[in-house]
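To keep things clear, I will list the structure first and then write my remarks on it.
The values are calculated or read from the model by the stated rules, or taken from the named source; none is laboratory data. Just so it is clear, the model here is predicted, and its values are computed rather than measured. Here the Cβ is made from the backbone with ideal geometry for all residues, glycine too, and neighbour counts use every protein chain on show.
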Amino acid sequence: MKHILITGISGQDGIFLTNKLLRDKNNHIVGISRNSNNKLLQKNISSLGTVNFNNLQIINLDLLNEYELQNAFQSYQFNEVYNFTGPSSVYDSLNDNGKTYFEITNIFSNLINCSLNLNVLPNFFQASSSEMFGNNLEIALNEDSSFFPKSSYAEAKLLNHLKVLELATSYDWNIKSGIMFNHESEFRKNGYLFTKVIQTVKKIKKGELKELVIGRLDLSRDWSFSGDITEAVYKITNYGKNTHYVIGSGVSKTIKDLVEIVFNIYELDWEKYTKEDPGLLRKNDPISVISNPSLIKNELNWKPKLNFESLVERCVKKINQ
């Protein structure tokens with residue numbers, strides 16, 4: 001039996017990866033989540049396909065408590081670790097007095113220290129972020145692009161990313177960093193752009209709101225489907241030869257593209273109901289953030305299966321249920 005630890009299991013990436021891994025009866029998954037609603041988690045996982053939950057165990061554990069985490073590592077002797085946990089809001093990190101930085105860096109350090117202390121080095125995936133690139137002006141960002149973090153969230157992710165590269169060399173450890181660009185799914189929590197746009201347009205359609213307010217419509221981003229991203233994560237962790245990979249679609253889409261598609265689904269004129277408010281933008285927001293995922297495509301034969309339009313439609317369908 002292979003013992004697998006997934007932190008942040010109730011997030012969208014954790015849900016897709018868990019469903020995939022549970023299809024193998026030889027996998028035993030230990031999930032750690034701040035969300036105590038296990039019934040909702042199982043419902044979300046099973047919505048992607050029937051799986052056997054006998055091999056899934058959710059434990060209540062403080063990842064910032066190294067003693068508690070060490071006990072879990074001793075009990076299960078993990079063969080694989082996927083670290084998806086930690087604050088995920090860049091905007092929140094700008095005004096939280098270092099809380100985001102502390103949590104991201106210390107949770108990672110605890111996971112690493114537990115492995116090293118037991119002299120058991122599991123296959124390890126660290127979720128890094130395209131936010132690390134900051135205002136890099138390259139047209140498409142790859143594994144060799146320079147980092148210019150502009151938030152405590154990005155700085156913490158970069159510190160962990162660099163530590164992965166160091167550990168891989170120092171200990172001959174199969175530890176990987178996946179630099180994940182924007183990705184969405186029907187499980188994305190409220191407060192993010194995709195859900196904000198869809199929920200607002202739905203309320204406009206119902207007559208509950210009069211307009212959608214967006215900071216800037218011409219900003220370009222690289223959006224993928226979370227289910228495709230976690231396929232990349234699995235391939236990187238189990239078959240990757242490099243220490244780090246850029247994970248994205250390589251396709252540029254603007255916020256205007258997103259807005260138009262959603263309004264069209266609800267049969268409304270987006271220009272009539274949408275206005276820009278630059279005050280909503282965060283400082284140093286880059287105009288364009290696009291990946292160059294050539295390495296993972298060529299080496300691991302991975303590419304996104306769901307295109308942008310289908311991704312938006314999938315998210316709208318879920319919110320309409």
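Values computed for the structure shown
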{"item": "Flag for residue 163 being of a type in the set (Lys, Arg), closer than 16 Å to residue 245 by Cβ and assigned to a helix (DSSP H, G or I)", "result": "no"}
{"item": "Matching entry among 148, 133 (being within 26 Å of residue 281 (Cβ to Cβ), free of Cβ contacts under 8 Å to residues at least 24 places away in the same chain and of a type in the set (Phe, Trp, Tyr))", "result": "148"}
{"item": "Flag for residue 89 being modelled with pLDDT under 95, among the small types (Gly, Ala, Ser), farther than 23 Å from residue 152 by Cβ and assigned by TED's automatic domain parsing to the domain that holds residue 236", "result": "no"}
{"item": "Test for residue 251: is it surrounded by 13 or more Cβ atoms within 10 Å (Cβ to Cβ) and in a helix (DSSP H, G or I)", "result": "no"}
{"item": "Residue selected from the range 42-70 under the condition closer than 25 Å to residue 238 by Cα and aliphatic (A, V, I, L, M), by the criterion surrounded by the fewest Cβ atoms within 10 Å (Cβ to Cβ)", "result": "59"}
{"item": "Residues (touching a helix residue (DSSP H, G or I) at 6+ places or on another chain (Cβ under 6 Å) and closer than 30 Å to residue 74 by Cβ) located in the range 119-152", "result": "121, 123, 125, 126, 128"}
{"item": "Single residue of the range 170-210 satisfying the filter (without any contact (Cβ under 8 Å) to a residue 60 or more places away in the chain and assigned to a helix (DSSP H, G or I)) that is farthest from residue 126 (Cα to Cα)", "result": "203"}
{"item": "Residue satisfying all of: in the range 286-302; among the β-branched types (Val, Ile, Thr) and outside any helix (DSSP H, G or I); surrounded by the fewest Cβ atoms within 10 Å (Cβ to Cβ) among these", "result": "287"}
{"item": "Test for residue 145: is it at pLDDT 95 or above and either surrounded by fewer than 18 Cβ atoms within 10 Å (Cβ to Cβ) or farther than 19 Å from residue 6 by Cα (or both)", "result": "yes"}
{"item": "Leading residue by the ranking (farthest from residue 287 (Cα to Cα)) among those in the range 183-221 that are among the acidic types (Asp, Glu) and surrounded by 16 or more Cβ atoms within 10 Å (Cβ to Cβ)", "result": "186"}
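Let's see how each residue does on (1) in contact (Cβ under 8 Å) with a residue 40 or more places away in the chain; (2) among the small types (Gly, Ala, Ser):
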position	(1), (2)
242	yes, no
248	yes, yes
257	yes, no
260	no, no
265	yes, no
277	yes, no
286	yes, no
290	yes, no
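Let's see how each residue does on (1) of a type in the set (A, V, I, L, M); (2) within 30 Å of residue 242 (Cα to Cα); (3) not in a helix (DSSP H, G or I):
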residue	(1), (2), (3)
261	yes, no, no
268	yes, no, yes
272	no, no, no
284	no, no, yes
304	no, yes, yes
316	yes, no, no
319	yes, no, no
